[in-house]
Amino acid sequence: MTIAESTIELATGTGPMRCRVFQPAADGKFSGLLLFSEIFQITGPIARTGAYLAGHGYVVIVPEIYHELVPTGTVIAYDQAGGERGNALKTAKAVSSYDADARAALDWLKASPACNGRLVTMGICTGGHLAFRAAMNADVLAAACFYATDLHSRGLGQGMNDDSLGRAGEIAGELLMIWGRQDPHVPLSGRTQIHARLEEAGARYQWLEVNGQHAFLRDEGPRYDPQLARLCYGLVFDLFDRTLKL
């Protein structure tokens, strides 16, 4: 379906948070989807991902994850300097602020006249980690986490000592955990640690490892794998369709 796009600002405890919104242009009510970006904020590939998801019948909100640390509208470049900047920002923000931002975005979705109140989330790279944490909110029915960076190493936020894996038992919805086997940011030892913790916590989850590099979903740059992207998007929509109908 065709979509409409807009930009909004949400009030948070650390200042206004700009978000991009993508939603079906048709009348009606649709499920809400909170999409978290990589460390580069709302780049072209992330905006296209938001539009693609919305075109399948979701109201999608994409927040600027570093809104209190950089000027509004900041997009970080996909290069070495940009990677270093994004990684530095990732650990300059309190984990509690990430959580509060997620709650603000979820509340906006629930209040939107275009949303039916049923919520899911998806994230990529650091966004995959943030989607995992957002799923700790009881009203999030499912979370699709693409190569959730720093989940095994507890490297999110100030102090680089997050409690995400330790709180896995708080996630009531279903998880879809997708990994690239050639991703150096989440090696086999890290994936094994995460898998074991999900089993220990009794989580409801699906697990997929593909022969792909970090950022294989991003439709820009040499690591993009369109075939893997198509496969994984199918699993995402299957997860959301199933959980939203239960």
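Bear in mind that the values in this text are calculations on the coordinates, not laboratory data. Please read all numbers here as calculations on a predicted model, not as lab measurements. Cβ atoms come from the backbone with ideal geometry, glycine included; neighbour counts cover every protein chain shown.
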Among Glu38, Glu199, Glu64, the residue with the largest mean-square fluctuation in a Gaussian network model of the chain built from Cα contacts under 10 Å is Glu199
Out of Asp219, Asp101, Asp27, a Gaussian network model of the chain with alpha-carbon springs under 10 Å gives the largest mean-square fluctuation to Asp27
Rounded to the nearest 5, the percent of antiparallel DSSP beta bridges in segment 3-245 equals 30
Expressed in nanometres to one decimal, the distance between label points 7 Å along Cα→Cβ at Arg204 and Ser189 is 3.4
For Lys93, the lysines lying under 29 Å Cα to Cα, once residues fewer than eight places off in the same chain are dropped, come out as Lys110
Debye calc, one equal point scatterer per Cα of segment 157-208, no solvent, log10 I(q)/I(0) at q = 0.18, 0.30 1/Å comes to -0.65, -1.21
Checking rank on 201-207, 154-160, 135-141, with mean other Cβ inside 10 Å and highest first, the result is 135-141, 154-160, 201-207
What the Cα atoms of segment 93-187 span along the principal axes, largest first and in whole Å, is 42, 27, 21
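Using C-alpha positions alone, give me the convex hull volume of the chain per residue in cubic angstrom.
Details: hull volume 27.2 nm³, N = 246.
Cα-based convex hull of the chain, divided per residue, equals 111 Å³.
Apply the Kirkwood formula to segment 1-147: the hydrodynamic radius equals the inverse of the mean of 1/r over all pairs of different alpha-carbon atoms; give it in Å with one decimal.
Working: mean 1/r = 0.0666 Å⁻¹.
It works out to 15.0 Å.
Using packing as a proxy for protection, rank 40-47, 76-83 so that the peptide with the highest average count of other Cβ atoms within 10 Å comes first.
Details: 40-47: 20.0, 76-83: 13.4.
Descending mean neighbour count gives 40-47, 76-83.
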Counting all Cα-Cα pairs in segment 1-77, those more than 19 Å apart amount in percent to 34
